Amino acid sequence: FRSKLAVSVSFPPAYDPQGPALPVVYALDAQWHAGLYEKIHAGLNGPEGMHEVSPFVQVNIGYIDDGVDPLVTRNRDLLPPGEPYPEYMHDWLTEMFASDGAEENTAMVDQYVRWLNNPHADHFLAFLENELHPHIKERYNVNDDAGLFGFSYGALFAMYALTENSTLFTKFGAGSPGILIPNSTIFDRYRTFAADPANAGRERHLHITIGTGEIFSPSHLFRQLAIQTFQFIDVVADHPVPGVTLSAKIIEKEDHETGCIDAYRDFARVCYPSGVRNIEL
């Protein structure tokens, strides 16, 4: 089974098809955020931006709803193989999406759980590295300095790509990562990654954000997400890898529903810095 993806490309003013090749950023879950990603990307590179970023081409990747809700499909593509989930997940999903008992909603929850039980981030990472990026590079003037931004399970995918020693990505934006339980595979994956001397030396940057609305959420699920995100930061701090930079930011007054664009904007500014524009009054 192959997903039907919608892919769009946006360019900064500095893009020149015949000029120096630019870095490229792949932004996930564009089925919800593509227009906002493109708007913020244009603003960060535009003449009115106070905090400029170095120019990059952006590739927005989203799902086409072809009879299966993208909320379901992404579980298969973004979760690391073998990633466990909370025991109460099914009940939480039913309360959130199928409390009316409608057959189509119940079926959606059942498919959601089936793909939670058999995720394949390994396949999706191979697709990005071996199929999509070569296609983008052939059509547009970009280089192999690639960034990856994801939110929630997309952020967990970005962490997975780092720990798999991705041959493509060097900058990883992880907004409110979907680490929901203490025995998430991402902890041992990172420890294994850090213990291998062959992974040292290559310059990479992981930027993590979390919202105060998740830290203090009324939902146990999102409080756990915040707790495990801080636990992951602790693991990285205890097992540094030469060449890998870790940065993090708490975003005030934003939660899991509202924090994605703030997380994306912060990733762009931190990982593609260009300085603060001076304004004369």
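The values are calculated or read from the model by the stated rules, or taken from the named source; none is laboratory data. This structure is a prediction, so every number in the text was calculated from the model and none was measured. The area values use the complete protein model at the heavy-atom level, side chains included, leaving out ligands, DNA and RNA. Shrake-Rupley method; radii C 1.70, N 1.55, O 1.52, S 1.80 Å.
Straight-line cross-link partners of LYS249 among the aspartates and glutamates, defined as a Cα under 12 Å from its Cα and at least 8 positions apart when in the same chain: ASP262, ASP266.
According to the Kirkwood expression over distinct Cα-Cα pairs, how big is the hydrodynamic radius of segment 135-267, in Å? Numbers along the way, then the final one.
Values: mean 1/r = 0.0663 Å⁻¹.
Kirkwood hydrodynamic radius for segment 135-267: 15.1 Å.
List, in the order given, every pair from LYS137/LYS253; LYS4/LYS137; LYS4/LYS39 whose Cα-Cα distance in the structure shown is over 27 Å. Beyond 27 Å: LYS137/LYS253.
In a GNM of the chain with a 10 Å cut-off on Cα contacts, which of ASN130, ASN118, ASN60 has the highest mean-square fluctuation? Residue with maximal mean-square fluctuation among ASN130, ASN118, ASN60: ASN130. Based on protein heavy atoms only, the chain ends up with 47 Å² per residue of surface accessible to a 1.4 Å probe.
Panel values: segment 63-121, Kirkwood radius from alpha carbon pairs, Stokes-Einstein at 4 °C and 1.567 mPa s, translational diffusion coefficient 110 µm²/s.
Near the amide H of ILE64, within less than 5 Å, lie the amide hydrogens of LYS4, LEU5, ALA6, all on another chain or at least 5 residues away, with H placed in the peptide plane. Computed from backbone phi with θ = phi - 60° and the Karplus coefficients 6.51, -1.76 and 1.60, the 3J(HN,Hα) list for segment 167-183 is 7, 9, 7, 10, 10, 10, x, 10, x, 6, x, x, 9, 9, 9, x, 9 Hz; x is used for glycine and proline. Helix 153-163 axis versus longest C-alpha principal axis of the chain: approximately 60°, rounded to the nearest ten. Helix 220-238 versus the longest principal axis of the chain: what is the Cα-based angle in degrees, 0 to 90, to the nearest 10? Once rounded, the angle reads 50 degrees.
Considering only LEU132, LEU180, LEU78, the Gaussian network model of the chain with Cα springs below 10 Å gives its largest mean-square fluctuation to LEU132.
Looking at the chain, the pairs of alpha carbons with a distance over 34 Å make up 18% of the total. When a 1.4 Å probe is rolled over the protein heavy atoms, the share of accessible surface on the chain that falls to carbon and sulfur comes to 53 percent. Amide H to amide H distances under 5 Å link VAL244 with GLY201, ARG204, where only residues 5 or more positions off or on other chains count and H is placed in the peptide plane.
So what is the calculated 222 nm ellipticity per residue for the chain, using -39500 (n - 2.57) for each DSSP H run with n of 4 or more, over all residues, to the nearest 500 deg cm²/dmol? Only helices count here, giving -13000 deg cm²/dmol.
Normalised Debye scattering of segment 1-127 at q = 0.13, 0.16 Å⁻¹ gives log10 I(q)/I(0) of -0.68, -0.88, counting only Cα atoms as equal scatterers and leaving out solvent.
For the chain, a Gaussian network of Cα nodes joined below 10 Å ranks SER54, SER184, SER219 by mean-square fluctuation, and the top entry is SER219.
Relative contact order of the chain: 20 percent, from C-alpha pairs under 8 Å at least 6 residues apart in sequence. For the chain, the longest principal axis of the Cα atoms and the long axis of helix 30-45 meet at an angle of about 20 degrees. The amide H of TYR26, built 1.01 Å from its N in the peptide plane, has VAL59, GLY147, LEU148, PHE149 as neighbours under 5 Å, considering only residues 5 or more places off or on other chains.
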